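First the structure, which I've put down as structure tokens, then a few questions once you've had a look.
The values are calculated or read from the model by the stated rules, or taken from the named source; none is laboratory data. Since this is a predicted model, take the numbers as computed values, not measurements. Cβ coordinates were reconstructed from backbone atoms using ideal geometry, including for glycine residues, and neighbour counts include every protein chain displayed.
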Amino acid sequence: MHPSLLPMLAGIGVVADYRPELTAAEVPGALAAKPYDGLVVRSKLRVTAELLARGPQLRYVARAGAGVDNIDEAAMAAAGVTLLNAPEGNRDAVGEFATGLLLALFRHVVRADGEVRRGEWRREANRGEEIGGKTIGMLGYGHMGRAFARRLGAFGCTVLAHDHDPAVAADAHAALVPLAELQARADVFSLHIPYSAANHHFVNHALLAGFQRPLWLLNTARGEVLDHAALVEGLQAGRVYGAALDVLENERLATLTPAQAARYEYLKSADNVLLTPHIGGWTHQSYQRINEVLVGKLAAFLAAAHGGGKE
């Protein structure tokens, strides 16, 4: 955790027992040993029904970050434990990073840099595309999608978004459209949906085949929402011009299956593919801002529960 977390928690009357040295296997025992009211986690600890059972007095789990795919939300609900997270904390970082990925992809920045370093000067081969005039399609229009759309507003492009949640509203930066319309009009397809069992391989062969023209694809969400076999096939067939992936189907590269390894080898050898190690929301500013958002939500939760007080 960013060191700002502890004084922030103290500021709202919460006594924190900071245990960064604990392994995942040791957490259940730690929960059982003391009557903790809350548990603050990042992304690697899986919060399951079995873990929650070791801390029956828990009232909340606070995820210091945006994604909650490491947390069994059904188990949380069944145990009566509230889930707090902080997507507002790194949305600007993700919005900026997605913009950078799109620029780098369109203008061949990484490939051209490598060529110049090797003493090659290839201007025509690196003639690029402009964002202006393009139609950017977004799958998901929550915090991250909106942050990306705000930044695209200066480029003179059209932004379309599709979100299955009927509560999501359009704004000045993007129009909400049915998925079929997005597939008919988009030049760029950017993924901004969370991972869940229902969203596993949501972007698959059939969905990509539904686009009416070749496209560029960006994924700053979660690797598992994209069927990487479908992506590789699309790249090989020319239906996908290029891709920028900040997330992969298996980010533990030492544990890739043979099929995953074959796809990874293709992606890392393709000069129209950009790969980064899940750093879209990973900035010095977001590291602290996530704490600010999370502690603010925790203060509101405690106030609603019993008017605040020491935890």
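Anything in region 257-281 that is surrounded by fewer than 16 Cβ atoms within 10 Å (Cβ to Cβ) and either β-branched (Val, Ile, Thr) or more than 27 Å from GLU129 (Cα to Cα) (or both)? List them, or say none.
Within region 257-281, THR257, PRO258, ALA259, ALA261, ALA262, ILE279 meet the criteria.
Within region 52-75, which residues are of a type outside the set (A, V, I, L, M, F, W, C), more than 21 Å from the chain's Cα centre (by Cα) and surrounded by 17 or more Cβ atoms within 10 Å (Cβ to Cβ)?
GLY55, ARG59, TYR60
May I ask you to say which residue of VAL168, VAL159 is β-branched (Val, Ile, Thr) and in contact with a helix residue (DSSP H, G or I) (Cβ under 8 Å, 6 or more places away or on another chain)?
On the way: VAL168 fails: in contact with a helix residue (DSSP H, G or I) (Cβ under 8 Å, 6 or more places away or on another chain).
Checking each option against the conditions leaves just VAL159.
Would region 15-29 turn up any residue that is within 17 Å of THR82 (Cα to Cα) and in the same structural domain as ALA74 (by TED's automatic domain parsing)?
In the first step, residues of region 15-29 are kept if they are within 17 Å of THR82 (Cα to Cα); the result is none.
Within region 15-29, not a single residue is within 17 Å of THR82 (Cα to Cα) and in the same structural domain as ALA74 (by TED's automatic domain parsing).
What residue, of VAL14, VAL27, VAL40, is of a type in the set (A, V, I, L, M, F, W, C), assigned to a strand (DSSP E or B), surrounded by 12 or more Cβ atoms within 10 Å (Cβ to Cβ) and out of contact with any Ser or Thr (no Cβ under 9 Å at 6 or more places or on another chain)? Explain how you work it out, then say what you get.
On the way: VAL14 fails: assigned to a strand (DSSP E or B); VAL27 fails: assigned to a strand (DSSP E or B).
Exactly one of VAL14, VAL27, VAL40 is of a type in the set (A, V, I, L, M, F, W, C), assigned to a strand (DSSP E or B), surrounded by 12 or more Cβ atoms within 10 Å (Cβ to Cβ) and out of contact with any Ser or Thr (no Cβ under 9 Å at 6 or more places or on another chain), namely VAL40.
Considering only region 69-98, how many residues are in contact with a Ser or Thr (Cβ under 9 Å, 6 or more places away or on another chain), within 24 Å of GLY281 (Cβ to Cβ) and aliphatic (A, V, I, L, M)?
The qualifying residues number 5.
A further question follows. Answer with yes or no whether HIS228 is in the same structural domain as ARG111 (by TED's automatic domain parsing), surrounded by fewer than 17 Cβ atoms within 10 Å (Cβ to Cβ) and within 22 Å of the chain's Cα centre (by Cα). Quick ask: steps written out before the conclusion?
Details: in the same structural domain as ARG111 (by TED's automatic domain parsing): yes; surrounded by fewer than 17 Cβ atoms within 10 Å (Cβ to Cβ): no; within 22 Å of the chain's Cα centre (by Cα): yes.
No; evaluated as a whole, the condition is false for this residue.
Run down ALA174, ALA186, ALA147 and say which single residue is buried (at least 22 other Cβ atoms within 10 Å of the Cβ), within 17 Å of the chain's Cα centre (by Cα) and among the small types (Gly, Ala, Ser).
ALA147
Scan region 82-91 and tell me whether some residue there is out of contact with any strand residue (DSSP E or B) (no Cβ under 9 Å at 6 or more places or on another chain) and of a type in the set (A, V, I, L, M).
Our first condition is that a residue be out of contact with any strand residue (DSSP E or B) (no Cβ under 9 Å at 6 or more places or on another chain); within region 82-91, this holds for 87-91.
When the remaining residues are screened for being of a type in the set (A, V, I, L, M), the result is none.
Scanning region 82-91 turns up no residue that is out of contact with any strand residue (DSSP E or B) (no Cβ under 9 Å at 6 or more places or on another chain) and of a type in the set (A, V, I, L, M).
Could you check region 100-122 and list, in sequence order, the residues that are basic (Lys, Arg) and in contact (Cβ under 8 Å) with a residue 40 or more places away in the chain? Reasoning before the result, please.
Residues of region 100-122 that are basic (Lys, Arg), as a first pass: 107, 111, 117-118, 122.
If the condition is that a residue be basic (Lys, Arg) and in contact (Cβ under 8 Å) with a residue 40 or more places away in the chain, then ARG111 is the only one that fits.
Now, a different point. Filter region 43-59 down to residues that are touching a strand residue (DSSP E or B) at 6+ places or on another chain (Cβ under 9 Å) and either closer than 26 Å to THR283 by Cβ or in a loop (DSSP other than H, G, I, E, B) (or both) and give me whichever is modelled with the lowest pLDDT. Full working, then the answer.
Let us first name the residues in region 43-59 that are touching a strand residue (DSSP E or B) at 6+ places or on another chain (Cβ under 9 Å), namely 43, 45-48, 51-52, 55, 58-59.
Then drop every residue that is not either closer than 26 Å to THR283 by Cβ or in a loop (DSSP other than H, G, I, E, B) (or both), which leaves 43, 45-48, 55, 58-59.
Numbers: SER43: 85, LEU45: 93, ARG46: 94, VAL47: 96, THR48: 96, GLY55: 94, LEU58: 96, ARG59: 96.
Checking each candidate, the answer is SER43.
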